[in-house]
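The values are calculated or read from the model by the stated rules, or taken from the named source; none is laboratory data. Please read these numbers as outputs of a predicted model, since none were measured by experiment. Backbone-built Cβ (ideal geometry, glycine too); neighbour counts: all protein chains shown. Remember, those area values only see protein heavy atoms, side chains included, never the ligands or the DNA or RNA. Shrake-Rupley method; radii C 1.70, N 1.55, O 1.52, S 1.80 Å.
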Amino acid sequence: LSQKIDRVDCFAFRGDGKFLAISGPDQTIRVWATEGPKLNWSFKQPDSIVCLAFPPEGKLLVAGDASGNVRILDKADTRQLVVKAAFPAHKAGPVWA
């Protein structure tokens, strides 16, 4: 990987295995194409991301953060991710899964 990442707290492969999403305490989600590998998208979040998941269709990415929030992300084009929805999942701490 060409970009240095100090620590990875969570990762998720898309169902078809073509993309890998990773994140950690730097609050940035990075989505890599597994062929290459090549960084396709990165997206800075307001809090540390502690879990990631691709839904079965693989067109969205769901991120849970350390403050108990969930964000549903979509790629608006080939250069960026955008938040389609954001909501508090709970108040008791991080969204772990």
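Within the full protein context, the accessible area of residue 6 is estimated at about 140 Å² for a probe radius of 1.4 Å. Under the simplified labelling scheme, the residue 28-residue 74 pair shows an inter-label distance of 2.6 nm, with each label point 7 Å from Cα along Cα→Cβ. Within straight-line reach of residue 44, meaning a Cα separation under 16 Å, sit the following aspartates and glutamates at least 8 residues removed in sequence or on another chain: 6, 9, 26, 65, 74. For segment 1-54, the relative contact order works out to 35 percent when only alpha carbon pairs closer than 8 Å and six or more residues apart are counted. Counting charges near residue 60 (Lys, Arg +1; Asp, Glu -1) among other residues having Cβ under 13 Å from its Cβ returns a value of +3.
When the residues 35, 57 are ordered by accessible surface, computed with a 1.4 Å probe over the protein chains alone, the sequence from largest down reads 35, 57.
Electrostatic tally near residue 70: other residues with Cβ closer than 12 Å to its Cβ, Lys and Arg +1, Asp and Glu -1, net 0. The H on the amide N of residue 68, modeled in the peptide plane, is under 5 Å from the matching H of 95, each at least 5 residues off or on a different chain. Taking every alpha-carbon pair under 8 Å whose residues sit at least 6 apart, the chain reaches a relative contact order of 20 percent. Near the amide H of residue 84, within less than 5 Å, lie the amide hydrogens of 72, 73, 74, all on another chain or at least 5 residues away, with H placed in the peptide plane. Taken one residue at a time, the phi angles of segment 49-64 give Karplus couplings (6.51, -1.76, 1.60, θ = phi - 60°) of 8, 10, 8, 9, 7, 9, x, x, 6, x, 8, 10, 9, 10, 10, x Hz. Gly and Pro are set to x. The trypsin sites (Lys or Arg not before Pro) of segment 13-97 that DSSP puts in a loop, and whose beta carbon has at most 15 other beta carbons within 10 Å, are 18, 59, 79, 91.
Label-to-label distance for residue 38 and residue 86 is 3.0 nm, based on points extended 7 Å past Cα in the beta-carbon direction.
Taking a Cβ cut-off of under 12 Å around residue 29, the surrounding Lys, Arg, Asp and Glu residues balance to a net charge of 0, with basic ones at +1 and acidic ones at -1.
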